[in-house]
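Engineer: Can you read through this structure? Questions will come right after.
The values are calculated or read from the model by the stated rules, or taken from the named source; none is laboratory data. Given the structure is predicted, the values throughout are model-derived calculations rather than measurements. Every residue, glycine among them, receives a Cβ derived from its backbone with ideal geometry; neighbour counts consider all protein chains shown. Heavy atoms of the whole protein, side chains included, go into the accessibility calculation; ligands, DNA and RNA do not. Shrake-Rupley method; radii C 1.70, N 1.55, O 1.52, S 1.80 Å.
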Amino acid sequence: NVAPPASPHPQPASVANATIDVSNVAFRYPTTGRGIDGVTLRVAAGTTTALVGGSGSGKSTLARVVAGHHPPHSGVVRVEPATLPYYISQELHQFRGTLADNMRLAAPEANDDEIRAAFHAVGASWATDLHDAETADVATMPLDEGRIQHVALARALLADPAVVILDEATADVGLHHRHDVEEAIATLREGRTSVLIAHRLQQVVTADQIVIMADGATVQQSTHERILAAD
(Lines give C-alpha, C1' and ligand atoms only; values in the text may rest on other atoms or scores of the structure.)
Protein backbone atom coordinates (compact mmCIF):
# COMPACT_ATOMS: atom_id res chain seq x y z
CA ASN A 1 0.00 0.00 0.00
CA VAL A 2 2.99 2.32 -0.23
CA ALA A 3 4.20 4.30 -3.22
CA PRO A 4 7.39 6.36 -3.52
CA PRO A 5 7.27 9.83 -1.98
CA ALA A 6 5.07 12.34 -3.71
CA SER A 7 3.81 15.84 -3.10
CA PRO A 8 1.98 15.75 0.28
CA HIS A 9 -1.05 17.80 -0.71
CA PRO A 10 -4.31 15.83 -0.52
CA GLN A 11 -6.08 17.76 -3.26
CA PRO A 12 -7.00 15.90 -6.47
CA ALA A 13 -7.56 18.85 -8.81
CA SER A 14 -3.92 19.21 -9.86
CA VAL A 15 -3.30 15.56 -10.74
CA ALA A 16 -6.04 14.73 -13.24
CA ASN A 17 -3.62 14.64 -16.17
CA ALA A 18 -2.44 11.04 -16.54
CA THR A 19 -3.69 8.68 -19.25
CA ILE A 20 -3.15 4.90 -19.25
CA ASP A 21 -2.72 3.12 -22.58
CA VAL A 22 -2.47 -0.67 -22.63
CA SER A 23 -1.60 -2.01 -26.09
CA ASN A 24 -1.83 -5.74 -26.92
CA VAL A 25 -0.35 -6.72 -23.55
CA ALA A 26 0.36 -10.30 -22.50
CA PHE A 27 1.68 -11.71 -19.25
CA ARG A 28 1.76 -15.29 -18.00
CA TYR A 29 2.74 -16.62 -14.60
CA PRO A 30 5.55 -19.14 -15.11
CA THR A 31 4.22 -21.59 -12.52
CA THR A 32 0.64 -21.84 -13.79
CA GLY A 33 0.70 -20.44 -17.30
CA ARG A 34 -2.34 -18.33 -16.45
CA GLY A 35 -2.45 -14.60 -17.04
CA ILE A 36 -3.61 -12.18 -19.71
CA ASP A 37 -3.18 -12.09 -23.47
CA GLY A 38 -3.78 -9.43 -26.11
CA VAL A 39 -5.30 -6.88 -23.75
CA THR A 40 -5.82 -3.39 -25.14
CA LEU A 41 -7.56 -0.59 -23.32
CA ARG A 42 -7.33 3.11 -22.61
CA VAL A 43 -8.13 4.88 -19.34
CA ALA A 44 -8.62 8.57 -20.01
CA ALA A 45 -7.17 11.15 -17.66
CA GLY A 46 -9.27 11.72 -14.55
CA THR A 47 -11.61 8.78 -15.22
CA THR A 48 -12.22 5.42 -13.55
CA THR A 49 -12.17 2.08 -15.36
CA ALA A 50 -13.61 -0.90 -13.50
CA LEU A 51 -12.37 -4.41 -14.26
CA VAL A 52 -14.95 -7.15 -13.69
CA GLY A 53 -15.07 -10.87 -14.32
CA GLY A 54 -14.97 -14.22 -12.59
CA SER A 55 -12.15 -15.59 -10.50
CA GLY A 56 -9.12 -16.23 -12.69
CA SER A 57 -10.34 -13.98 -15.49
CA GLY A 58 -7.20 -11.83 -15.30
CA LYS A 59 -8.47 -8.75 -13.49
CA SER A 60 -5.80 -8.59 -10.78
CA THR A 61 -3.07 -9.64 -13.21
CA LEU A 62 -3.94 -6.75 -15.49
CA ALA A 63 -4.06 -4.37 -12.53
CA ARG A 64 -0.60 -5.48 -11.39
CA VAL A 65 0.80 -5.11 -14.90
CA VAL A 66 -0.57 -1.56 -15.12
CA ALA A 67 0.83 -0.84 -11.65
CA GLY A 68 4.27 -1.95 -12.80
CA HIS A 69 4.48 -5.02 -10.57
CA HIS A 70 4.71 -7.41 -13.53
CA PRO A 71 6.54 -6.35 -16.73
CA PRO A 72 4.50 -7.51 -19.73
CA HIS A 73 5.91 -10.36 -21.79
CA SER A 74 4.70 -8.55 -24.88
CA GLY A 75 2.86 -5.34 -25.68
CA VAL A 76 3.23 -1.97 -24.03
CA VAL A 77 1.79 -0.15 -21.02
CA ARG A 78 2.16 3.63 -21.13
CA VAL A 79 1.21 6.18 -18.50
CA GLU A 80 1.47 9.70 -19.88
CA PRO A 81 2.86 11.85 -18.40
CA ALA A 82 5.10 9.19 -16.88
CA THR A 83 4.22 8.44 -13.26
CA LEU A 84 4.22 5.39 -11.00
CA PRO A 85 0.67 4.28 -10.14
CA TYR A 86 -0.22 3.94 -6.47
CA TYR A 87 -1.48 0.41 -5.80
CA ILE A 88 -3.85 -0.61 -2.99
CA SER A 89 -4.83 -4.25 -2.69
CA GLN A 90 -7.21 -6.19 -0.45
CA GLU A 91 -4.21 -7.18 1.68
CA LEU A 92 -4.11 -5.21 4.91
CA HIS A 93 -0.85 -3.61 6.02
CA GLN A 94 -0.40 -2.20 9.51
CA PHE A 95 3.10 -0.91 10.10
CA ARG A 96 4.97 -0.31 13.33
CA GLY A 97 5.24 3.17 14.77
CA THR A 98 2.69 5.91 15.25
CA LEU A 99 -0.16 6.78 12.94
CA ALA A 100 1.96 9.67 11.71
CA ASP A 101 4.81 7.24 10.99
CA ASN A 102 2.40 5.08 9.02
CA MET A 103 1.25 8.06 7.01
CA ARG A 104 4.74 9.39 6.30
CA LEU A 105 5.74 6.13 4.63
CA ALA A 106 4.07 7.58 1.53
CA ALA A 107 4.95 11.25 2.12
CA PRO A 108 8.00 11.63 4.40
CA GLU A 109 7.90 15.43 4.39
CA ALA A 110 4.24 15.72 5.38
CA ASN A 111 3.61 17.84 8.45
CA ASP A 112 1.04 17.16 11.16
CA ASP A 113 -1.56 19.49 9.63
CA GLU A 114 -1.32 17.74 6.25
CA ILE A 115 -1.70 14.35 7.90
CA ARG A 116 -4.78 15.51 9.81
CA ALA A 117 -6.18 17.01 6.60
CA ALA A 118 -5.78 13.66 4.82
CA PHE A 119 -7.58 11.84 7.63
CA HIS A 120 -10.36 14.42 7.57
CA ALA A 121 -10.71 14.27 3.78
CA VAL A 122 -11.37 10.51 3.80
CA GLY A 123 -13.72 10.72 6.77
CA ALA A 124 -11.31 9.16 9.27
CA SER A 125 -11.94 11.63 12.06
CA TRP A 126 -11.50 8.77 14.52
CA ALA A 127 -7.79 8.76 13.63
CA THR A 128 -7.31 12.41 14.58
CA ASP A 129 -9.23 11.82 17.79
CA LEU A 130 -7.08 8.94 19.03
CA HIS A 131 -5.42 9.81 22.31
CA ASP A 132 -1.70 10.51 21.87
CA ALA A 133 -1.88 9.53 18.19
CA GLU A 134 1.49 11.16 17.58
CA THR A 135 3.26 9.09 20.23
CA ALA A 136 1.31 5.85 20.69
CA ASP A 137 2.45 2.83 18.68
CA VAL A 138 -0.18 1.62 16.21
CA ALA A 139 0.39 -1.92 17.49
CA THR A 140 -1.20 -0.89 20.79
CA MET A 141 -4.28 0.67 19.14
CA PRO A 142 -7.56 -1.20 18.59
CA LEU A 143 -7.45 -1.04 14.77
CA ASP A 144 -9.61 -3.62 13.01
CA GLU A 145 -9.49 -4.46 9.30
CA GLY A 146 -11.72 -1.56 8.31
CA ARG A 147 -9.67 1.04 10.15
CA ILE A 148 -6.39 -0.36 8.85
CA GLN A 149 -7.68 0.06 5.30
CA HIS A 150 -9.08 3.49 6.18
CA VAL A 151 -5.57 4.58 7.19
CA ALA A 152 -4.23 3.09 3.94
CA LEU A 153 -6.61 5.23 1.90
CA ALA A 154 -5.71 8.34 3.88
CA ARG A 155 -2.05 7.53 3.24
CA ALA A 156 -2.76 7.23 -0.49
CA LEU A 157 -4.49 10.60 -0.51
CA LEU A 158 -1.54 12.13 1.31
CA ALA A 159 0.80 10.75 -1.37
CA ASP A 160 -1.33 12.60 -3.95
CA PRO A 161 -0.82 10.17 -6.87
CA ALA A 162 -1.97 10.92 -10.40
CA VAL A 163 -2.93 7.27 -10.93
CA VAL A 164 -4.41 4.88 -8.35
CA ILE A 165 -5.02 1.15 -8.71
CA LEU A 166 -7.64 -0.29 -6.33
CA ASP A 167 -7.57 -4.08 -6.38
CA GLU A 168 -10.61 -5.20 -4.33
CA ALA A 169 -9.63 -2.81 -1.57
CA THR A 170 -12.84 -3.51 0.38
CA ALA A 171 -12.76 -7.31 0.14
CA ASP A 172 -11.55 -7.87 3.71
CA VAL A 173 -13.33 -4.90 5.28
CA GLY A 174 -16.17 -5.83 7.62
CA LEU A 175 -19.68 -4.50 7.23
CA HIS A 176 -19.22 -2.15 10.19
CA HIS A 177 -16.69 0.01 8.31
CA ARG A 178 -17.47 -0.84 4.69
CA HIS A 179 -19.49 2.31 3.98
CA ASP A 180 -16.76 4.55 5.41
CA VAL A 181 -14.07 2.80 3.38
CA GLU A 182 -16.14 3.00 0.20
CA GLU A 183 -16.65 6.72 0.78
CA ALA A 184 -12.89 7.10 1.25
CA ILE A 185 -12.30 5.27 -2.04
CA ALA A 186 -14.71 7.64 -3.78
CA THR A 187 -12.76 10.60 -2.38
CA LEU A 188 -9.46 9.12 -3.52
CA ARG A 189 -10.82 8.49 -7.03
CA GLU A 190 -12.11 12.03 -7.45
CA GLY A 191 -10.14 13.82 -10.17
CA ARG A 192 -7.65 10.96 -10.48
CA THR A 193 -7.08 8.33 -13.14
CA SER A 194 -8.21 5.09 -11.50
CA VAL A 195 -8.37 1.39 -12.23
CA LEU A 196 -10.87 -0.32 -9.94
CA ILE A 197 -11.51 -3.97 -9.20
CA ALA A 198 -14.52 -4.35 -6.95
CA HIS A 199 -16.74 -7.23 -5.89
CA ARG A 200 -19.61 -4.87 -5.09
CA LEU A 201 -21.81 -3.61 -7.91
CA GLN A 202 -22.28 -0.22 -6.24
CA GLN A 203 -18.65 0.69 -6.86
CA VAL A 204 -18.57 -0.65 -10.41
CA VAL A 205 -21.60 1.24 -11.72
CA THR A 206 -20.00 4.58 -10.84
CA ALA A 207 -17.05 3.90 -13.16
CA ASP A 208 -16.75 5.81 -16.42
CA GLN A 209 -15.87 2.58 -18.24
CA ILE A 210 -16.39 -1.09 -17.39
CA VAL A 211 -14.11 -3.75 -18.85
CA ILE A 212 -15.42 -7.31 -18.66
CA MET A 213 -12.70 -9.97 -18.62
CA ALA A 214 -12.76 -13.73 -19.17
CA ASP A 215 -9.94 -16.23 -19.65
CA GLY A 216 -7.27 -13.53 -19.58
CA ALA A 217 -8.85 -11.36 -22.27
CA THR A 218 -11.23 -8.41 -22.45
CA VAL A 219 -14.58 -9.44 -23.89
CA GLN A 220 -16.51 -6.18 -23.56
CA GLN A 221 -15.70 -2.54 -22.83
CA SER A 222 -18.35 0.13 -22.40
CA THR A 223 -20.37 2.12 -19.89
CA HIS A 224 -22.69 0.42 -17.42
CA GLU A 225 -25.77 1.59 -19.31
CA ARG A 226 -24.55 0.33 -22.68
CA ILE A 227 -23.50 -3.03 -21.25
CA LEU A 228 -26.97 -3.51 -19.76
CA ALA A 229 -28.54 -2.59 -23.09
CA ALA A 230 -26.35 -4.94 -25.10
CA ASP A 231 -27.28 -8.53 -25.97
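Engineer: Can you give me the accessible area per residue for the range 75-231, using a 1.4 Å probe, in Å²?
Structural biologist: Here the per-residue accessible area is 47 Å².
Engineer: Using θ = phi - 60° and the Karplus form 6.51 cos²θ - 1.76 cosθ + 1.60, what ³J(HN,Hα) does each residue of the range 92-105 get, whole Hz, x for Gly and Pro?
Structural biologist: For the range 92-105, the Karplus-derived couplings read 9, 10, 10, 9, 6, x, 7, 4, 4, 4, 4, 5, 6, 4 Hz, x marking Gly and Pro.
Engineer: Given all pairs of different Cα atoms, what value in angstroms does the Kirkwood hydrodynamic radius of the chain take?
Structural biologist: Kirkwood hydrodynamic radius for the chain: 18.0 Å.
Engineer: Right, something else. Looking at the range 152-231, which trypsin sites (Lys or Arg not before Pro) are DSSP coil and have at most 12 other C-beta atoms within 10 Å of their C-beta?
Structural biologist: ARG200
Engineer: I've got another one for you. Just add up the charged neighbours of PRO161: K/R +1, D/E -1, any other residue whose Cβ is under 12 Å from the Cβ of PRO161.
Structural biologist: So the environment of PRO161 carries a net charge of +2.
Engineer: Set the Förster distance to 45 Å, then compute FRET efficiency between SER55 and ARG96 from the Cβ-Cβ distance, nearest 0.05.
Structural biologist: 0.85
Engineer: Still on this structure, I have one more. Figure the gain on full extension for ALA186 and TRP126 (residue separation times 0.36 nm, minus the Cα-Cα span) and round it to one decimal in nm.
Structural biologist: Once the chain is fully extended between ALA186 and TRP126, it gains 19.7 nm.
Engineer: To the nearest 500 deg cm²/dmol, what mean residue ellipticity at 222 nm is calculated for the chain from DSSP H runs of n ≥ 4 alone, each contributing -39,500 (n - 2.57), summed and divided by the residues?
Structural biologist: It comes out at -8500 deg cm²/dmol, rounded to the nearest 500.
Engineer: Could I ask something else about it? I need the trypsin sites (Lys or Arg not before Pro) found in the range 54-130, filtered to DSSP loop residues with at most 16 other beta carbons within 10 Å of theirs.
Structural biologist: ARG96
Engineer: Related question: What do you get for the angle between helix 112-121 and the principal long axis of the chain? Use alpha-carbon atoms, 0 to 90 degrees, nearest ten.
Structural biologist: Once rounded, one gets 50 degrees.
Engineer: Take ARG42 and HIS179, extend 7 Å from each Cα along the Cα→Cβ direction, and tell me the distance between the two endpoints in nm.
Structural biologist: 4.0
Engineer: In the chain, once you exclude exposed GluC sites (Glu not before Pro) (DSSP loop, at most 13 other Cβ within 10 angstrom), what's the longest stretch remaining?
Structural biologist: 135-231
Engineer: Counting only protein heavy atoms and using a 1.4 Å probe, what share of the accessible area of the range 75-231 belongs to carbon plus sulfur, as a whole percent?
Structural biologist: Carbon and sulfur atoms account for 49 percent of the accessible area of the range 75-231.
Engineer: Using 1/(1 + (r/R0)^6) with R0 = 25 angstrom and r between the beta carbons of ALA26 and ARG226, what's the FRET efficiency to the nearest 0.05?
Structural biologist: 0.40
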